[in-house]
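*Asks:* Once you've had a glance at the structure underneath, I'll fire off some questions.
The values are calculated or read from the model by the stated rules, or taken from the named source; none is laboratory data. The shown structure was predicted, so the numbers you read here are calculated from the model rather than taken from an experiment. We place every Cβ from the backbone using ideal geometry, glycine too, and count neighbours over all the protein chains shown.
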Amino acid sequence: MRSDFDVVIIGAGAAGLAAGLRLAASQLRVLVVEARNRVGGRAETAWLAPGPNPDAGFPVDLGCGWLHSADINPLVPMIEAAGFELDRTPAAWQRQSDDQHFSGADQRLFALAFDAFEARIDAAAATGIDRPAADLFEPGNRWNPLMDAVSSYYNGAEFDRVSVLDYTTYQDTDVNFRVRDGYGAAIAALGRTVEVRSGCAVSRIDHGRMPVRLTTTKGEIDARAVIVTVPTPHLAEGRIRFTPALSGKVEAAAHLPLGLANKAFLALAEPESLAAGNHFFGRIDRAETASFHVRPYGRPYIEAFVGGRHAQALEAAGEGAIAAFALDELKGLMGGDFVKRLTSIGATAWAGDPWALGAYSHALPMHSGARAILAAPIDGRLFWAGEATHPTAFSTAHGAWASGLRAAEEAFAALQQGS
């Protein structure tokens, strides 16, 4: 029986675009369907302006903003070849500019405590027995809350919800670049030649028949193979129904929830008052604090970054809550007169985004094997991609991209064998 397409790819984020590009080089009939009216998924660049004149604005990344492990990241040469300028300035995440409310001596003590904590995690992982990473905190250590804050930034969750075994498999070279005109814009540009049917959300996949049938908001589509790249909550919560049911995939997705990280953008009326590239932690004595990036690329704004439970609480509190929190922390750091010169110009709310439902995945304790389960093909018909399926670069756009290439190769090989 003839199908509409050889391969349908669900989702036009980094994974789906990569799969689409790879398969476009074949003679297969390929379609990417995307629920949104844009491509990029959790990579999104927006144009924000501090006033009524849009020409005075600048691009900001609402989602992923850093090319992690940039010295080995396959997207780096691709993005540069597409004409995007990269900022190679070393990230200042763990440094408090001007020692503001965080002395140089205390910064060194914090770094030593974090190094010792991660050494204990490595030792625990070497046993092969999984457990929550927070189990490796020293009871009463003054730096535990700030370490939890850092975890909320790069895991999207505090360490009690992070698997030791999963945490140690993540590969990071500590080299990080940014895309001056936006990581989201770069991802969209890389996928500009991919055929995408936008506004096309998938609600059901019947893989008990051949061809596989997809029920979408734009009608039914038949395909010989399907690549699923949606965020894990869509699977865990049954937002896409499978016939026959796939309980193993649903369970694996539930064990790979998306953590949360949100941003607020604050325009500086007097940008020259702060040096470009500065970084501040709002507080160092609690996990509920923001990480502030000051004047990225020399532009007149501050980016406030919050994660984990605190990000969830602020998003649930409604519009304006994250900006109000960021302004309050900056008031404590810099004083009330400084805060009067700041204006909120935007914020994110990824948990409430109906197609994202969060930021990036972490494996729950005792479930480090869920990534391999989620990534495994089914019956030469269903294939799986997305950052949550990558064994060592999860939570990153380049991990999602690599997973899309892997799933495309799997689908192509299966179709060649079946032809």
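*Asks:* Which of the residues that make up the stretch 365-386 are out of contact with any strand residue (DSSP E or B) (no Cβ under 6 Å at 6 or more places or on another chain), closer than 30 Å to V179 by Cα and assigned to a helix (DSSP H, G or I)?
*Replies:* R371 - this is the single residue of the stretch 365-386 that is out of contact with any strand residue (DSSP E or B) (no Cβ under 6 Å at 6 or more places or on another chain), closer than 30 Å to V179 by Cα and assigned to a helix (DSSP H, G or I).
*Asks:* For L23, all conditions in the list (1) more than 22 Å from A397 (Cα to Cα); (2) part of a helix (DSSP H, G or I); (3) more than 23 Å from the chain's Cα centre (by Cα) hold save one; what is the number of the exception?
*Replies:* Going through (1) more than 22 Å from A397 (Cα to Cα); (2) part of a helix (DSSP H, G or I); (3) more than 23 Å from the chain's Cα centre (by Cα) one by one, L23 breaks only (1).
*Asks:* Among the candidates R204, R224, R213, single out the residue that is farther than 23 Å from R22 by Cβ and surrounded by 19 or more Cβ atoms within 10 Å (Cβ to Cβ). Give the steps one after another, and end with the answer.
*Replies:* Values: R204 fails: surrounded by 19 or more Cβ atoms within 10 Å (Cβ to Cβ); R224 fails: farther than 23 Å from R22 by Cβ.
Exactly one residue qualifies, and that residue is R213.
*Asks:* To continue, here is another question. Which numbered condition in (1) buried (at least 17 other Cβ atoms within 10 Å of the Cβ); (2) outside any loop (DSSP other than H, G, I, E, B) is the only one that A356 fails?
*Replies:* So A356 meets the others, but not (2).
*Asks:* Could you say whether any residue in the stretch 72-81 is surrounded by fewer than 16 Cβ atoms within 10 Å (Cβ to Cβ), small (G, A, S) and not in a helix (DSSP H, G or I)?
*Replies:* no
*Asks:* Looking at (1) within 30 Å of F110 (Cα to Cα); (2) surrounded by fewer than 19 Cβ atoms within 10 Å (Cβ to Cβ); (3) of a type outside the set (D, E, K, R); (4) out of contact with any Lys or Arg (no Cβ under 9 Å at 6 or more places or on another chain), which is the one condition that is false for A254?
*Replies:* The failed condition is (1).
Per-residue answers, yes or no, for (1) touching a residue at least 12 places away in the same chain (Cβ under 8 Å); (2) under 30 Å from R309 (Cβ atoms); (3) outside the structural domain of I240 (by TED's automatic domain parsing):
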| site | (1), (2), (3) |
| --- | --- |
| E158 | yes, yes, yes |
| A186 | yes, no, yes |
| S198 | yes, no, no |
| M210 | yes, no, no |
| L214 | yes, no, no |
| G219 | no, no, no |
| R224 | yes, no, no |
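*Asks:* Test L235 against the criterion of being of a type in the set (A, V, I, L, M, F, W, C), touching a Leu at 6+ places or on another chain (Cβ under 9 Å), at pLDDT 95 or above and assigned by TED's automatic domain parsing to the domain that holds T289, and give yes or no.
*Replies:* It is false that L235 is of a type in the set (A, V, I, L, M, F, W, C), touching a Leu at 6+ places or on another chain (Cβ under 9 Å), at pLDDT 95 or above and assigned by TED's automatic domain parsing to the domain that holds T289.
*Asks:* Where the second residue is crowded, with 22+ Cβ neighbours inside 10 Å and of a type in the set (S, T, N, Q) and the first is without any contact (Cβ under 8 Å) to a residue 60 or more places away in the chain and within 30 Å of R341 (Cα to Cα) and lies in the stretch 249-268, which pairs have Cβ atoms under 9 Å and are six or more apart or on separate chains?
*Replies:* Taking only residues 6 or more apart or on different chains, not a single pair turns up.
*Asks:* Checking the structure you have, find out if any residue of the stretch 43-51 is assigned by TED's automatic domain parsing to the domain that holds V202, acidic (D, E) and in contact with a Gly (Cβ under 9 Å, 6 or more places away or on another chain).
*Replies:* There is no residue in the stretch 43-51 that is assigned by TED's automatic domain parsing to the domain that holds V202, acidic (D, E) and in contact with a Gly (Cβ under 9 Å, 6 or more places away or on another chain).
*Asks:* Sticking with this structure for a sec: Condition first: crowded, with 20+ Cβ neighbours inside 10 Å, farther than 17 Å from C64 by Cα and not hydrophobic (A, V, I, L, M, F, W, C). Now tell me which residues in the stretch 258-287 satisfy that.
*Replies:* Taking the stretch 258-287 first, the residues crowded, with 20+ Cβ neighbours inside 10 Å are 258-267, 280-282, 287.
Going one step further and asking which of them are farther than 17 Å from C64 by Cα, we end up with 266-267, 280-282, 287.
Result: G282, single match.
*Asks:* Turning to a different aspect of this structure: What single numbered condition from (1) of a type in the set (A, V, I, L, M); (2) in the same structural domain as T389 (by TED's automatic domain parsing); (3) surrounded by 19 or more Cβ atoms within 10 Å (Cβ to Cβ) fails to hold for A25?
*Replies:* (3)
*Asks:* Residues being among the aliphatic types (A, V, I, L, M), under 11 Å from A18 (Cα atoms) and touching a Leu at 6+ places or on another chain (Cβ under 8 Å): count how many of those fall in the stretch 367-412. Give the derivation first.
*Replies:* Step one: of the stretch 367-412, the residues among the aliphatic types (A, V, I, L, M) are 370, 372-376, 378, 382, 385, 388, 393, 397, 400, 402, 405, 407-408, 411.
When the remaining residues are screened for being under 11 Å from A18 (Cα atoms), the result is 385, 397, 400, 402, 405, 407-408.
Checking which are touching a Leu at 6+ places or on another chain (Cβ under 8 Å) leaves us with 397, 408.
So the count comes out to 2.
*Asks:* Could you give me the residue pairs with C-beta distances under 6 Å whose first residue belongs to the stretch 311-339 and is crowded, with 18+ Cβ neighbours inside 10 Å, whose second residue is among the aromatic types (F, W, Y) and assigned to a helix (DSSP H, G or I) wherever it lies, and which are 6+ apart or on separate chains?
*Replies:* Every condition considered, the pairs that remain are L314/F325.
*Asks:* If you check L333, L327, which single one turns out to be on the phi < 0 side of the Ramachandran plot, assigned by TED's automatic domain parsing to the domain that holds A157, in contact with a helix residue (DSSP H, G or I) (Cβ under 6 Å, 6 or more places away or on another chain) and among the aliphatic types (A, V, I, L, M)?
*Replies:* Numbers: L333 fails: in contact with a helix residue (DSSP H, G or I) (Cβ under 6 Å, 6 or more places away or on another chain).
Criteria check complete, one pass: L327.
*Asks:* In the list W47, W93, which residue meets the criterion of being part of a strand (DSSP E or B) and aromatic (F, W, Y)? Write out each step before concluding.
*Replies:* On the way: W93 fails: part of a strand (DSSP E or B).
When all the criteria are applied, what remains is W47.
*Asks:* Next up: For the stretch 42-71, what are the residues that are farther than 23 Å from A304 by Cβ and in contact (Cβ under 8 Å) with a residue 60 or more places away in the chain?
*Replies:* S69, A70, D71 - these are the residues of the stretch 42-71 that are farther than 23 Å from A304 by Cβ and in contact (Cβ under 8 Å) with a residue 60 or more places away in the chain.
Conditions tested, residue by residue: (1) part of a loop (DSSP other than H, G, I, E, B); (2) over 29 Å from L333 (Cβ atoms).
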position: A105; (1), (2): no, no
position: F110; (1), (2): no, no
position: A125; (1), (2): no, yes
position: N141; (1), (2): yes, no
position: T168; (1), (2): no, yes
position: A185; (1), (2): no, yes
